[in-house]
Amino acid sequence: GKTCAELHNLDSHVCLTSNMWTSIQNIGYMVVTAHYIDREFNIKKKIISFKELKYPHTGFAIEEAIMSCLTYWGIRSKLFTITLDNASNNNFACQELIKNHKNALMFEGQHLHVRCCAHILNILVQDGMKIIKPTIHKLRELLKHLDSSVSRMQDFNSMANSKNLPSKLSFSFDTPTRWNSTYKMIVEGLMYRSVLDSYANQHGEVAPTEQEWQKVESICAFLKAFEEATLSVSADRKPTAHRFLPLVLQIRHALNDPDWQTSDILKVLAAAMLSKFVKFWDSGFNSALVIATMLDPRRKGDYLNFFYEKTSNSVTEIVEKVGSAEDWLKDYYEKYEGFVRRNDIHMLSHSREGSSSVGSPVLEKRKLEEEFALYKS
């Protein structure tokens, strides 16, 4: 079909994302999505596989499912990265992909595996959620009490409207797998704080005390930075790789902010999350994310010096890391230069086979750009 032809004729590489979940019937599913840039320089996103994945979901099973998908679409040689949740079976699957298909992968798969930033953030904040549970318990129970009855919601909405606040069909509740659901619940609770207090007073229900509301406000302010960070790396139709290094600095700043030291609960919360953050940071990250930052025209190489000055332990370490990134950038350039030249020759040979004698505007433009580059040098 159209998608198959488009993928087959791609000038660019393909990045994959994959996720797994279990249905209410306890059936496991795996989805694979391809992300690439077409010839008109549009970012494309296509689901190229949605299949049942039988238990157990081992690394071998995941690797086999991914390779089956790549083979079906004929893009084994075009795979660049694959973004997966930070789970041991996913890590093993990527190791198997690299071991078994090294020669077909760019840079022999050294930059294949990208750990999902949003998932890492979720794990990071989940540790902190355990600490704040007692603080938000009363708020959660009051919202559940209201949400479980149509008549209670009607009474609540009547009070809300009298205070010029919009009606609510239902409230957001926290779920164990998504920390930002807790954040959304807190935001809604604070928005309707005066209504919740009034309702609790009139109906003999328990609402947070003034001191507890203040703690909830502090927690909300603390979590806002992580909500913004999650949203910034969750877009699927615009580039996000170049945001990784700024995101790391944003998280480090948020966790080390002295403002949190004035609150006992936030002090403990930040310390727990910082411990988990250091663990992930020490395990390293994909160099392709560093290259993406260098290619951001707003940051370029200067940002690397800025970044490593804030995160490294010595000048020697800064020099080594910046030098390594610059070496990788050169390798990328040479790799793609050869790739583009081969495609140009292929396109040129096909154009000569046709009846038209008109040259390709794209090829002519590229030739002029190369001539100009030689002229400047």
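The values are calculated or read from the model by the stated rules, or taken from the named source; none is laboratory data. None of these values were measured; they are calculated from a predicted model. Positions of Cβ are backbone-derived with ideal geometry, glycine not excepted, and every protein chain shown enters the neighbour counts.
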Original post:
farther than 20 Å from SER283 by Cβ and modelled with pLDDT of 95 or more: does that describe LEU105?
Top reply: no
**OP:** Output the residue which, of all residues in the stretch 258-294 that are within 30 Å of PHE80 (Cα to Cα) and of a type in the set (Val, Ile, Thr), is surrounded by the fewest Cβ atoms within 10 Å (Cβ to Cβ).
**Re:** VAL278
**OP:** Give the stretch 127-157 a look and list any residue that's small (Gly, Ala, Ser) and either at pLDDT below 90 or assigned by TED's automatic domain parsing to the domain that holds ILE265 (or both), or say none.
**Re:** GLY128
Subject >> Lone unmet requirement of (1) touching a Ser or Thr at 6+ places or on another chain (Cβ under 7 Å); (2) surrounded by 17 or more Cβ atoms within 10 Å (Cβ to Cβ); (3) hydrophobic (A, V, I, L, M, F, W, C) for LEU79 >> reply: (1)
Original post:
How many residues, within the stretch 284-303, are of a type outside the set (S, T, N, Q), under 14 Å from CYS116 (Cα atoms) and in a loop (DSSP other than H, G, I, E, B)?
Top reply: 2
Original post:
Would you say ASN157 is farther than 27 Å from ALA270 by Cα and in a helix (DSSP H, G or I)?
Top reply: yes
Subject >> Top-ranked residue in the stretch 213-255 [being in contact (Cβ under 8 Å) with a residue 40 or more places away in the chain and among the aromatic types (Phe, Trp, Tyr); ranked as surrounded by the most Cβ atoms within 10 Å (Cβ to Cβ)] >> reply: PHE222
Original post:
Exactly one of (1) surrounded by fewer than 18 Cβ atoms within 10 Å (Cβ to Cβ); (2) part of a helix (DSSP H, G or I); (3) without any contact (Cβ under 8 Å) to a residue 40 or more places away in the chain; (4) not assigned by TED's automatic domain parsing to the domain that holds SER194 is unmet by PHE107. Its number?
Top reply: (3)
**OP:** Go through the stretch 261-301 and give me each residue that's closer than 15 Å to LEU249 by Cα and of a type in the set (Asp, Glu).
**Re:** ASP282
Original post:
Which of (1) farther than 21 Å from ARG178 by Cβ; (2) not in a helix (DSSP H, G or I) is the odd one out, the single condition ASP236 does not satisfy?
Top reply: (1)
**OP:** Return a yes/no flag: does the stretch 180-203 have any residue that is surrounded by 12 or more Cβ atoms within 10 Å (Cβ to Cβ), out of contact with any Lys or Arg (no Cβ under 8 Å at 6 or more places or on another chain), closer than 30 Å to ILE291 by Cβ and outside the structural domain of THR17 (by TED's automatic domain parsing).
**Re:** yes
